[in-house]
Amino acid sequence: MTGTVSKLAAPRPAAALLPPASLRSAALAFAPSPRRFRVSIAGRARSPVIAMASAKEGNGATTKKTALHDLYELQGLSPWYDNLCRPVTDLLPLIASGVRGVTSNPTIFQKAISSSSAYDDQFKQLISAGKDAESAYWELVIKDIQDACKLFEPIYNETDGADGYVSVEVSPRLANDTQGTVEAAKWLHKVVNRPNVYIKIPATAECVPSIREVISNGISVNVTLIFSIARYEAVIDAYLDGLEASGLSDLSRVTSVASFFVSRVDTLIDKMLEKVGTPEALALRGKAAVAQAKLANQLYQKKFSGPRWEALAKKGAKKQRLLWASTGVKNPAYPDTLYVDSLIGPDTVNTMPDQALHAFIDHGTVSRTVDANVSEAEGVYSALEKLGIDWDEVGKQLELEGVDSFKKSFDSLLVSLQEKGNSLKTASV
């Protein structure tokens with residue numbers, strides 16, 4: 001089954017969409033229009049996804065509780081939303097439904113900017129002011145990131161900097177440029193100028209040293225495009241090295257998440273298993289991604305304990321949380337909540353695209369699973385190796401594909417912005 005989201009024509013009463021009182025101060029500046037969402041599964045409309053339970057606040061307003069609230073309150077997993085577009089106020093109903101952060105990437109912005117007229121006025125102003133296409137792109141992106149940071153800042157403050165982040169990625173053209181990535185991260189951090197922004201840096205071999213340096217400069221980082229346990233360990237070490245090199249006596253405001261990609265692993269390994277074709281191989285389809293993710297969580301537990309970590313924790317350091325990314329199910333034969341249901345546990349984040357988010361609210365199961373059946377996960381991991389699956393090679397291929405995909409989205413958008421800018425200049429002559 002596949003979940004899709006549609007906006008209903010009839011507006012809800014505004015009070016029903018208001019986030020908790022602590023979020024309203026951030027929301028007022030944006031004067032949002034009310035929105036209502038429903039989930040449609042296999043063509044059948046379901047009840048509005050926000051209204052699964054309700055509770056009275058002290059001021060008498062009703063807030064709606066969903067499975068996302070339960071994920072955080074009962075299991076310690078922070079549900080984030082993997083999308084961003086204008087109007088940014090469309091995030092308000094999602095915040096009210098339990099979303100606690102946002103991730104973005106070049107593909108998300110390519111779709112947002114190229115498919116919406118909401119960016120046109122600002123773009124025209126930028127071109128009129130003499131900006132080139134790439135400069136204009138960053139101005140558009142930075143405004144969205146700043147506006148989203150404002151909406152999530154109350155969560156950031158309430159959790160003492162543990163949650164409520166909005167992520168923006170450095171140019172994908174820098175994926176193999178160590179120093180260029182460091183300079184881009186510093187620049188983005190400076191121009192966005194929000195305490196709850198995460199600068200996204202890819203976990204390429206060239207950028208692992210960049211992560212260390214950026215962290216040592218006191219900048220919080222979302223490390224993205226992690227596809228293997230070996231690279232994940234290098235990312236953890238870069239974070240720990242960066243904290244130690246920072247020289248800061250208070251490390252509490254330098255945080256990080258490690259975005260470990262999930263569904264793309266199954267997509268690739270399933271194809272490999274189908275080529276092998278034996279019953280044993282075919283029986284392992286749809287199991288590789290969750291197995292590897294569970295073993296990554298075991299590594300997380302190991303690395304963030306012991307004397308080295310304890311010395312950093314005494315200075316206020318926060319653990320680099322595992323963030324499950326690429327959690328939309330790509331194979332319709334699999335349950336549409338597979339990559340959320342299977343990886344629930346404390347001190348983790350799951351950033352979900354639209355379908356996964358609304359499917360989980362509608363029929364997800366809130367139960368601790370990330371450290372369940374670990375021996376089974378080890379068995380799957382080993383069985384795949386015996387069938388000739390090289391996990392490091394899988395990671396390298398997926399990393400190359402991920403970087404290439406982001407570069408293509410970035411370049412495609414810049415070309416379309418350049419063409420639009422040229423037409424605006426011609427029209428004004």
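A few comments on the model shown:
- Residues of the range 259-299 falling in the label zone of GLU376, defined by backbone nitrogen less than 12 Å from a point 7 Å along Cα to beta-carbon, are 287, 291.
- Amide N proximity, the range 193-230 versus SER252 label position 7 Å along Cα-to-Cβ, cut-off under 18 Å: 195-197, 218-220
- Prolate/oblate/rounded label for the range 166-252 (Cα gyration tensor, a/c 1.5): oblate
- Each peptide in 280-289, 199-208, 245-254 receives the mean, over its residues, of other Cβ atoms within 10 Å, and ordering these scores from highest gives 199-208, 280-289, 245-254.
- Calculated FRET efficiency for the pair ASP411/ALA230, C-beta based, R₀ 30 Å, to 0.05: 0.50
- Extension gain (nm, one decimal) between ASP237 and ASN217, 0.36 nm per residue minus Cα-Cα: 5.6 nm
- Per residue, the range 67-427 exposes 38 Å² of accessible surface when a 1.4 Å probe is rolled over the protein heavy atoms with every protein chain present.
- The ASN331 and GLN179 beta-carbon pair, evaluated with R₀ = 45 Å, returns a calculated FRET efficiency of approximately 0.70.
- Relative contact order (%) - the range 294-414, alpha-carbon pairs under 8 angstrom, separation at least six: 24
The values are calculated or read from the model by the stated rules, or taken from the named source; none is laboratory data. For clarity, every value in this text was computed on a predicted model and none was experimentally measured. For neighbour counting, all protein chains shown are included, and Cβ atoms are generated from backbone atoms with ideal geometry for every residue, glycine included. When the accessible area is computed, the model is the full protein with side chains, heavy atoms only, and any ligands, DNA or RNA have been set aside. Shrake-Rupley method; radii C 1.70, N 1.55, O 1.52, S 1.80 Å.
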